[in-house]
1. When ligands, DNA and RNA are left out and all protein chains stay put, how many square angstrom of accessible area per residue does segment 154-269 have with a 1.4 Å probe?
2. Per 0.36 nm of contour for each residue apart, how much would the distance between Arg204 and Lys61 grow if the chain were fully extended, relative to their Cα-Cα spacing?
3. Given H placed on each backbone N at 1.01 Å, which residues far from Leu150 in sequence or on other chains put an amide H within less than 5 Å of it?
4. What is the calculated FRET efficiency for Ser139 to Leu43, with r their C-beta to C-beta distance and R₀ = 51 Å, to the nearest 0.05?
5. Starting from the Cα of Lys156, draw a straight line to each of the aspartates and glutamates and keep only those under 16 Å, dropping any in the same chain fewer than 8 residues away.
6. Given H placed 1.01 Å from N in the peptide plane, which residues other than close sequence neighbours of Val65 have an amide H under 5 Å from its amide H?
7. Evaluated at 37 °C with a viscosity of 0.692 mPa s, what Stokes-Einstein diffusion coefficient in µm²/s does segment 42-106 have when Rh comes from the Kirkwood expression over alpha-carbon pairs?
8. What is the local net charge at Thr147, summed over the other residues whose Cβ is closer than 10 Å to its Cβ (Lys, Arg +1; Asp, Glu -1)?
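The values are calculated or read from the model by the stated rules, or taken from the named source; none is laboratory data. As the structure is a computational prediction, the values presented were derived from the model and not from experiment. When we count neighbours, we look across all protein chains shown, and the Cβ atoms used for this are built from the backbone with ideal geometry, even at glycine. These accessible areas exclude ligands, DNA and RNA; they are computed on the full protein's heavy atoms, side chains included. Shrake-Rupley method; radii C 1.70, N 1.55, O 1.52, S 1.80 Å.
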Amino acid sequence: VRLVLLPYFSKVILYLFWASVKKYMKNETPNVIAIILNYNNYLDTIECIHSLLNCTYPKLKIIIVDNGSTDDSERKIQNIFPWIEIIQTGSNLGFAEGNNIGIRHALSDNPEYILILNNDTLVEPSFLSPLIDALNKNSDAGVACGTICLFPEKEKIWYAGGRFIKWRASGFSYGTNIYDSSIKTESTSIVTFIPGCMMLIHTRILEKVGLFNDSFFMYVEDVEFSARVHNNGFNLLYVPKSRIYHKVKHRNTNPFQLYYNVRNRFLLISLTIKGLCKCTAYFYLVFTISFKSIIYMFLNPKMIYASWLGVIDFIKGNLYSGNGMLFKEN
């Protein structure tokens, strides 16, 4: 009898052992690597790192990518945080490729999640766990973001979910400049646009979706990435319980921002929009630029030059940094 029952007992023991191993693996805290891009702004970066070091999430690693700063940022940051890894790009590669360098480096450590975070942000200590919980509960989701409030106006919202408006070729953020108390929902929702200010990306999607498109250099690359994630069948999540604060410095568009916004919105249309909506988006953008040029004629003629140079550079295929750095003031 013992000999007959022994194989069955062995199978039961092996099954229980494997079930416990799978349960342990499932409950194991996933690794997260945060990538912070710095460009001539070490003071904000240092403040951002300090806030991240107070994060209650146990498995968070920080990587700084210095985008060819000329203000001795790398040394100043390293002196305060000698244990934090800093990657030097050697020149300003823009937001897209600067973060891509950090992502490629981070992937060698096989993290489950990569956090893209602006260096001019401050985080709540508990901001990360709700994002991870939301992605873990939604197997179809690839990217998550929380509530982004202004700083120092902490009660005002900068982002509370968003959507990609195709006919305008732009990302729209819900809740901008309204007070936090007016946001009633506490439940996670599906969105179609997440800003590059804070993106928690599940690394499993990157093989299919790819990284940021470096042709954009800066601005609008987050809209295109969001659209690409959505078009590849993955959900994007807004998680209200997660919260950070953004030091929004430029409320009004300047020639530098305008050049990249114009050129890159045309690029966005060419890459992500099809059919009649594509024609509508082109028409809307040309009409808007033409109309605003009349206003800029009296207020700031340099804005006219920046916007139409953006159009010309798109037509010529002059992408990446293009001529945008001609308008950089500092």
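1. That works out to 41 Å² for each residue.
2. 49.7 nm
3. Counting only residues 5 or more places away or on other chains, the set is Lys156, Ile157, Trp158, His246.
4. 0.80
5. Straight-line reach from Lys156, under 16 Å: Glu124, Asp180.
6. Here the answer is Ile36, Leu37, Asn38, Ile87, since their amide H atoms fall under 5 Å of that of Val65.
7. The estimated diffusion coefficient comes to 263 µm²/s.
8. That sum, taken over residues with Cβ under 10 Å, equals 0.
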